[in-house]
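The values are calculated or read from the model by the stated rules, or taken from the named source; none is laboratory data. Keep in mind the model is a prediction, meaning the values are calculated, not measured. Here the Cβ positions follow ideal geometry from the backbone for every residue, glycine too, while neighbour counts run over all protein chains shown.
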Amino acid sequence: MRIQQLTEARRFFLSDGGLETYMIFDKGYELPCFSAAVLLDTAQGRADLTAYFERFIGIAKAAGRGFILDAPTWRAGTAWAGPLGQSLGQVMETNARAVAFVSALRAAHETDSCPILINGLVGPAGDAYAPDTQIARQDALLIHAPQIHALGKAGVDLISAMTLTHADEAIGIAQVAGEIDIPVVIAFTLETDGQLPSGQPLGEAIAEVDASSGTRPLYYMINCAHPDHFRHVLDPRADWIGRIGGLRANASRLSHAELDAAETLDDGDPVELGQLSAALAARLPHLRVIGGCCGTDHRHLGCIAGHDPARSAA
């Protein structure tokens with residue numbers, strides 16, 4: 001199975017950066033509902049997506065690392081059909097086209113030294129920055145099942161649920177993935193205090209999902225937060241620390257509320273983010289994937305790619 005390339009890897013894989021922020025602030029796109037899936041609808045959009053991903057794949061190849069290639073489906077689930085003005089059938093067709101698009105990129109660029117895994121992205125049913133947007137686990141199962149089934153049928157290697165704000169939604173997503181026997185990764189958004197937007201500590205959320213989902217996630221990720229916001233909660237003595245397998249940090253130290261209101265992009269310091277990410281990686285014994293989130297681009301991932309976490313312990 002392809003997924004063994006990730007689980008048995010001795011060096012972390014790379015992912016891309018902040019796709020949506022890059023396309024909005026650097027390429028000038030207006031993405032309705034922050035959905036990059038709409039870029040698949042035009043030749044120029046597909047060309048810009050191709051150039052974007054090829055640049056990151058080139059970084060991974062140069063660094064001798066594998067690459068996690070995300071289908072641009074973060075906001076292409078049933079919860080976003082109405083806001084995007086689409087029918088359920090159209091949304092499901094978008095997921096199939098997204099997987100076909102990134103699968104073609106893999107076929108063109110994968111090598112023995114740079115294995116590429118196709119990752120089906122699932123986002124929260126509500127606002128990833130809003131702590132009051134919470135749904136019950138059974139509702140989450142029903143809401144996310146159509147998209148996860150569509151991604152699985154299209155042939156993704158794994159499902160990653162990104163920017164989740166609370167444990168119940170994560171549990172519902174993990175249960176759906178278990179029904180079709182596809183590996184699932186759960187990525188939580190963290191606030192400036194290192195806790196989930198719901199207020200739950202990260203370790204407690206991981207323990208709750210592991211205990212309640214019935215399908216143990218492949219690993220957990222932290223995304224959409226700056227390292228300064230959460231490194232203090234990464235206690236190396238905690239049992240759950242070994243469940244953290246991925247990091248996708250924001251470039252900015254701003255809070256989510258500040259980022260939501262920002263009219264310009266805060267891209268932080270790429271060199272510093274690379275150093276901070278490597279230092280965090282040295283404290284996470286089962287880290288498999290490092291990438292970027294809001295405000296990050298090829299500069300940040302280039303700085304991350306060349307670091308050896310073993311030499312960056314902090």
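List of remarks:
- The residue list ASP168, ASP139, ASP157 contains one member that is surrounded by fewer than 24 Cβ atoms within 10 Å (Cβ to Cβ) and touching a strand residue (DSSP E or B) at 6+ places or on another chain (Cβ under 8 Å), which is ASP157.
- Residue ID - modelled with the highest pLDDT, chosen from residues in the range 1-20 that are in a loop (DSSP other than H, G, I, E, B) and not small (Gly, Ala, Ser): ASP16
- Those residues of the range 225-234 which are outside any loop (DSSP other than H, G, I, E, B) and farther than 18 Å from CYS303 by Cβ, in sequence order: HIS229, PHE230, HIS232, VAL233
- Count of residues meeting criterion [touching a Phe, Trp or Tyr at 6+ places or on another chain (Cβ under 9 Å), small (Gly, Ala, Ser) and at pLDDT 95 or above] in the range 112-159: 1
- LEU88 fulfils the conditions (1) within 20 Å of ALA140 (Cα to Cα); (2) modelled with pLDDT of 95 or more except for a single criterion, (2).
- When residues of the range 36-48 are limited to those that are surrounded by 22 or more Cβ atoms within 10 Å (Cβ to Cβ) and over 16 Å from THR296 (Cβ atoms), the one nearest to the chain's Cα centre (by Cα): ALA37
- Qualifying residue in the range 66-80 (condition: touching a helix residue (DSSP H, G or I) at 6+ places or on another chain (Cβ under 8 Å), closer than 18 Å to GLY120 by Cα, among the basic types (Lys, Arg) and in a helix (DSSP H, G or I)): no
- Positions within the range 25-49 being out of contact with any helix residue (DSSP H, G or I) (no Cβ under 7 Å at 6 or more places or on another chain) and touching a residue at least 24 places away in the same chain (Cβ under 8 Å), in sequence order: PHE25, ASP26
- Restricting attention to the range 21-35 and to residues that are assigned to a helix (DSSP H, G or I) and in contact with a Leu (Cβ under 7 Å, 6 or more places away or on another chain), the residue that is surrounded by the fewest Cβ atoms within 10 Å (Cβ to Cβ) turns out to be PRO32.
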